[in-house]
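J.: My questions all concern the structure below.
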Amino acid sequence: MSFTKKDKDYKLIKEGEEVILKLNYLNKAYTPSIEDNPLVMMDVIDRLVENPSTSRVTFFQRRNFNYSYEQTQMLMQIAKIYSYFIKNKKVLSLNNFGSQNDPQELLAQRFETLRYLLYTLLKTDPLAAYVELKRVMRTEHINLKNAKDPLKKESFTTYLAMLNKIFDELDKTNLVNAAREYLSGYTKENREIYKLIFRPAVTPDFMFSKIQASPPLDGKQLAVYKTGKNTDVNIYETTTDIKNLYHITPPEFKLSEDKYELIDLAKSVLSEHKPREEDFLDPEKMRETFTNIGTDLIRDLADQRGLQYSPEEILELAEILVRHTVGFGVVELILQDEEVQDLTINSPMGEVPIFVLHSDFQECVSNITPSKDDFESWATKFRLLSGRPLDEANPILDTEIELPGSRNRVSIITKPLNPFGYGLSFRRHRDIPWTLPLFIKNGMVSSLGAGLLSFLIDGSRSILVAGTRSSGKTSFLGSLLLEIMRRYRILTIEDTLEIPTSALRKLGYNIQPLKVRAALVKGGSEVPADEGIRTSLRLGDSALIVGEVRSGEAVALYEAMRIGASANVVAGTIHGDSPYGIFDRVVNDLGVPKTSFKATDIIAMCNPIRSAGGMKRVRRCLSITEVRKDWEDDPVREGGFVDLMKYNAKTDLLEPTSDLINGESEVLKSIGANVKEWVGNWDAIWENVLMRARTKKLLVEYSDKAKLPNILEAEFVVMSNDMFHRISEKVQLEVGAQDPHLIVERWEEWLKESLRNKKFTF
């Protein structure tokens, strides 16, 4: 609800069980700051006296300044004290100022002192009123102690009783308790203490989310960086919360008042051009259309007011306008941050800040609190974007969304599953796939582990990437896809599109995504997952990648492993915490026969590792385990699981086991059995694994040495993988064998030359 300059001074707004006192400060020449301005504080207390049911206070002045329930209640206690002592004539009766024998001048002086404390100082500076009252009482106690005349003693005693009554009420307030440790030496008109206590969340009028604009006063800055085009991010450690604070300052908060007014006007005009339901079928085109409309609109409005802005400024305002109309507000800016992995928004709506999972600082609380209007708007957009229902009959919605600078999986719940309304979570995905060299760089996997996985991919093995939630399974699976040579076709099957198929297509991969029905979705036009997998077997010879094995598609997947795609890689992700846990889930929960489970060649376990204190968390590949085929009932008891590599917590490395080093891997031997030069030659197999590991390690080393992080990204890694295969083939033709030393030597020469051509030096 907005004001005009002609509107009255305030409005009372009912939001759920809360009553919001919204004060109109459009005509005021000063910023509505309780903490800075004694006149503003007095105005608020006067309104609270008139409206004792108020829950929160908000000021409107192009931007909304929102004070929390706790902050409002501090002033409400002061308002009640003021109301009680001013309205209760018995309390401030002259009889309470002394005895009948006191001179009128003395009574008048005492009355004037209290009048100043209660009528003026209590509303403009209640802490000063408290401190001054304490000083007056101290003086009167001295007077009482020195008085000899019984009538004077009676006078001082009566007056002190009155003062004590007021003092006791003030002493119990939350405001005084919050400020108590800072009151020593406090002087009137020094409002620094109020700045510690009253910290409004600021919201421009065109947006709904509230933002705590000022940084925490007790915060220790841990990091500062920019994201997107013009968004500042600060990470703070505070004494009041074990979680760090993710503090974001968006472009919306760096605008002049003229620009605020332009966006407000443009938003009101644009509201007449609401997107149609069919527009959400192509959200990218819809956004482009509204950006063009917004650009023209803002330019016209600026011209009408004689305001001159550059094309870049006009575009920035248009992007802000679109973000807060057809977009998802400030949430988009958080999701542009490549360091953010997850974003969660909990109910009750409008009361809980956004939480983020940061790659470096783990779980953080943000300075942004979405409103009820935000939730309602987002829920509607997600319904339209997904084409799926979200209501009490269908309280769960999983979908995916592409926003400027981010690609995300979104999960939404509502009543009755969530009794308090909506709850949302965003899982942010990189626009480009992770690579094995990147995972070597961040410690997820060792270079030897990367070399082994590359060998297994080339050997067309079936691989399950397993782990708990937020373990990096999908990202790890994406890195394995880059090890598939671009000459082969890839089919992906997902209910929520998380694998970066668009990026892979741009990298030259022959890839076809298939979208199937989510397990939790009832009905709809989408094909069930098991049918999607069986259909894929009829689409030609292809590697088959299943985004996540959840339910009935498991049987179909194992059919593919056994008969349909045995000549190509078959891989997928699955939830689980150990190889046996995967076996138990696949066989006992998902109904796959034990004999079919043997079609699994490799299980790569990924899980988060926490520090001893629990404050830090890193993702690691904990094991690469082969599944042997010579067991009947229980793979654990009968030796069906053999670890090829195991995570060592002391070294923080994925290390080879004796079974791998000694050549006891049946899976690797079966790959070697298909290559003439490797049949019965474990040394040749092992040297090929080491050769691949060496190239991955060299890529990371050159990246560090030359300060070229981009060569670890997908584009260059795919190019280097292609060159590895070309060089290997050429060496084979030249010398009649795979010469690992020669292959690595030539590959390294190619790497150096590639970087030199780009004028990089080492």
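Each value in this text was obtained by applying a stated rule to the coordinates, not by laboratory testing. As the structure is a computational prediction, the values presented were derived from the model and not from experiment. Virtual Cβ from ideal backbone geometry, glycine too; neighbours counted across all protein chains shown.
J.: Mind jotting down the distance between the C-alpha centroids of the stretch 656-727 and the stretch 116-130, whole Å?
T.: Between the Cα centre of the stretch 116-130 and that of the stretch 656-727, the gap is 76 Å.
J.: Which distance in nm do the two modelled labels at Ile661 and Ala147 give, with both placed 7 Å along the Cα-to-Cβ direction?
T.: 9.3 nm
J.: Next question, about the same structure. In nm, to one decimal, how far is the modelled label at Asp577 from the one at Arg305, with both set 7 Å along Cα→Cβ?
T.: Distance between the two pseudo-spin positions: 5.8 nm.
J.: Just subtract the alpha-carbon distance of Ala108 and Lys11 from 0.36 nm times their residue separation and send over the number in nm, one decimal.
T.: Value of the extension gain: 31.0 nm.
J.: Applying the Karplus parametrisation 6.51 cos²θ - 1.76 cosθ + 1.60 with θ = phi - 60° to the phi angles of the stretch 688-700, what ³J(HN,Hα) value in whole Hz is obtained for each residue in order, glycine and proline being reported as x?
T.: Coupling constants for the stretch 688-700: 5, 4, 5, 4, 5, 4, 5, 5, 5, 5, 4, 4, 5 Hz.
J.: When the Kirkwood radius is taken over all Cα pairs of the stretch 246-373, what Stokes-Einstein diffusion coefficient follows at 10 °C and 1.306 mPa s, in µm²/s?
T.: The Stokes-Einstein estimate is 98 µm²/s.
J.: Just for the Cα atoms in the stretch 1-199, what are the lengths along the principal axes, largest first, rounded to whole Å?
T.: So the three principal-axis extents are 64, 33, 32 Å.
J.: Can you tell which of Ala201, Ser754, Gln221 lies farthest toward the positive end of the dipole of the chain, using +1 and -1 charges on the Cβ of basic and acidic side chains (Lys, Arg; Asp, Glu)?
T.: Farthest towards the positive pole: Ala201.
J.: Which angle from 0 to 90°, rounded to the nearest 10, does the C-alpha axis of helix 104-115 make with the longest principal axis of the chain?
T.: In the chain, helix 104-115 runs at an angle near 20 degrees to the longest axis.
J.: Using C-alpha positions alone, give me the convex hull volume of the stretch 210-429 per residue in cubic angstrom.
T.: Given the Cα convex hull of the stretch 210-429, per-residue volume reads 123 Å³.
J.: Return the whole-Å distance between the Cα centroid of the stretch 49-77 and the Cα centroid of the stretch 353-380.
T.: 23 Å
J.: Please list, or write none, the lysines whose alpha carbon is within less than 29 Å of the alpha carbon of Lys152, excluding same-chain residues fewer than 8 places away.
T.: Output for Lys152: Lys87, Lys89, Lys90, Lys134, Lys165.
J.: Related question: Which entry in [x] 151, 36, 19; [y] 66, 29, 25; [z] 38, 34, 25 is this structure's computed semi-axes √(5λ) of the Cα gyration tensor in Å?
T.: [y]
J.: Something else: Tell me, what ³J(HN,Hα) does each residue in the stretch 639-645 have, in order and in whole Hz, if you take phi through Karplus 6.51 cos²θ - 1.76 cosθ + 1.60 with θ = phi - 60° and put x for Gly and Pro?
T.: x, x, 10, 10, 6, 8, 9
J.: Another question, if that's okay. Here are some pairs, Lys372/Lys415; Lys696/Lys730; Lys473/Lys506; Lys515/Lys669; which of them have Cα atoms lying more than 26 Å apart in this structure?
T.: The answer is Lys515/Lys669.
J.: Taking the C-alpha atoms of the stretch 637-762, how large are the radius of gyration and the largest Cα-Cα span, Dmax, in Å?
T.: Here Rg and the maximum Cα pair distance are 17.1, 58 Å.
J.: Name the residues of the stretch 279-321 whose amide N is less than 16 Å from a point 7 angstrom out from the Cα of Ser502 along the C-beta direction?
T.: 280-289
J.: What is the spin-label model distance, in nm, from Ala213 to Thr468 if the labels are put 7 Å beyond Cα along the C-beta direction?
T.: 4.2 nm
J.: I would also like to ask the following. Can you check how the C-alpha radius of gyration of the stretch 77-166 compares to 2.2 N^0.38 Å, as a plain ratio?
T.: My calculation over the Cα atoms of the stretch 77-166 gives 1.07.
J.: While we're here: Given a cut-off of 18 Å, what percent of all Cα-Cα pairs of the stretch 611-694 lie beyond it?
T.: The proportion of pairs with Cα distances above 18 Å equals 55 percent.
J.: If each residue of separation counts as 0.36 nm, what is the full-extension length gain between Thr239 and Glu50 once their alpha-carbon separation is subtracted?
T.: Going from the current span to full extension adds 64.3 nm.
J.: Under 15 Å from a point placed 7 Å out from the Cα of Leu417 along the Cα-to-Cβ direction: which residues of the stretch 321-350 have their backbone N that close?
T.: 345-347, by backbone N distance to the label point.
J.: Say a paramagnetic label sat at a point 7 Å from the Cα of Ser83, along Cα to Cβ; which residues of the stretch 43-68 have their backbone N under 12 Å from it?
T.: Of the residues in the stretch 43-68, 45-55 have backbone N under 12 Å from the label point off Ser83.
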